[in-house]
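Readers should treat all values here as calculations from the given coordinates under stated rules, not as data from a laboratory. Predicted model only: the values in this text are computed from it and were never measured. Every residue, glycine as well, gets a Cβ built from its backbone with ideal geometry; the counts of neighbours run over all protein chains shown.
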Amino acid sequence: MSQFHVKTYLLIATALCFTFFYAPTVNSNTPLENAAAAEIASQSHSINFPINISFELIGESHREIDEILFYYRLAGTNITGYKPTSISSMDSPTGRNRFTATSELATSGSKYIPSGTQISYYFKILYINDAEQETDPITFDYLDPKYRWQKMESETMTVFWHDITKSKIEEVISKSETVLEQVSELFDIEQNRPIRAVIANSQRESADSFPKISSSATRDNVYGGFAFPQYEVFIVRGVSADGIIHEATHLLMSQKLDSARSQVPAWLSEGIAMYFEIDNEHRNRTAEVGYIQKKLRPLSSMQSVPGKSGDIRLFYAHSQGIVGYLIDKGGKEKILRLLEQINSGTKTDVAVIDVYGKTIDELDKSWQATLNPSFERRLLVDPGTFWTSLILGTVFLFAVIVSAITWAKKKIYSHPETIDETFELPNMNEDI
Ligand SMILES: [Zn+2]
């Protein structure tokens, strides 16, 4: 449901990244005879999900090693880096020096890496005499090793899932892709970058995989998914076309809004993501309740998603409502114009006036005027007076009585049905 921008990583990446990822060859400043190079016994990684990943290089060398560096790259991103390793060494029976170099990559907290990210790594051995040697790179998908993951590559997505039938995944992906074509059409983009999707099956699993952005939101399981534009990855809880559509829309939108100057308010990006969901009606009621209770915040103050779970639900309902209104009234062309203006660096409130001829808050008022909660909903929201309570009480009592009668009738009539069936069977088998 949310976009997670990881600016910290960019900083880290800039600080660490000074080199490109080399091709998998032995490389040396001073030519290094093959016989003198270290023999690599093993190069491996171990995922301690979701805390960190440890990397290990074991080998033997005649030459004296100065240090061993660990290089990594997060695929689909511009995040690369290197770290020193801690080396332990001992003499082997062959007279060579046996060494083990280890390093670690944190994957949680401020160094969060979403599962589904593809990671490549290799080691560089630096010898005392300036010669150096690189190991062959290894590429793997960062996923919780507790599960037996399966991978499916469709036209637009690489999906990781486990313990669900392949046919179910195929069905949901194909349903989502039909809608995502409309999304690409609205954004006027050709999706040219593959999206990676991870499906978490339970709340416990998603709690491990999602970033911890607010303890209240985590506790209440408010979020059903997260999109990480920087990684072209999203994670959703459950196999739902709407979850996939929502998060993939975020990623497509960030492909559209590729300018560093674009600042999209959360109400707009969330509103568009929800607009394309197939079944999004349930949020209309939340918006109506918020309207009656006068809890809707001014749209101009909805730049980012709030932290409290109660506020988050209303925020989403409000965002969906206003974006639906803008698209219904102004058409998809105007939304596209609005996004293009934002991408060129125009502030949203200025762009809105230019495209719609009204301020954000004026448009918001016009949308709110369309909210017309039914009588039944008013009762549920605010019983108010004694008389209303009395009516509610009577209706409830009546409903209980009707249900009781229906239940009793079913109970009574269930017997004859069973008897009919048992009578039928012997009849059918009469000839035997
Ligand atoms: Zn979202």
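Descriptive notes on the structure:
- When each of the peptides 161-172, 94-105, 240-251 is scored by how many other beta carbons lie within 10 Å of its residues on average, the order from highest to lowest is 240-251, 94-105, 161-172.
- Here the Karplus curve 6.51 cos²θ - 1.76 cosθ + 1.60, taken at θ = phi - 60°, turns the phi angles of region 346-361 into couplings of 6, 5, 4, 5, 5, 4, 4, 4, 5, 7, 9, x, 9, 7, 4, 5 Hz, with x standing for Gly and Pro.
- Sequence-distant residues sharing a close amide H with Ala197 (under 5 Å, placed H): Thr158, Val159, Phe160, Phe234
- Extending 7 Å from Cα along the Cβ direction at Arg96 and again at Ser366 yields two label points whose distance is 7.6 nm.
- Per-bin percent of Cα-Cα distances, region 150-378 [10 Å]: 7, 32, 35, 21, 4, 0
- Sorting 83-90, 49-56 by their mean Cβ neighbour count within 10 Å, with the most densely packed peptide first, gives 49-56, 83-90.
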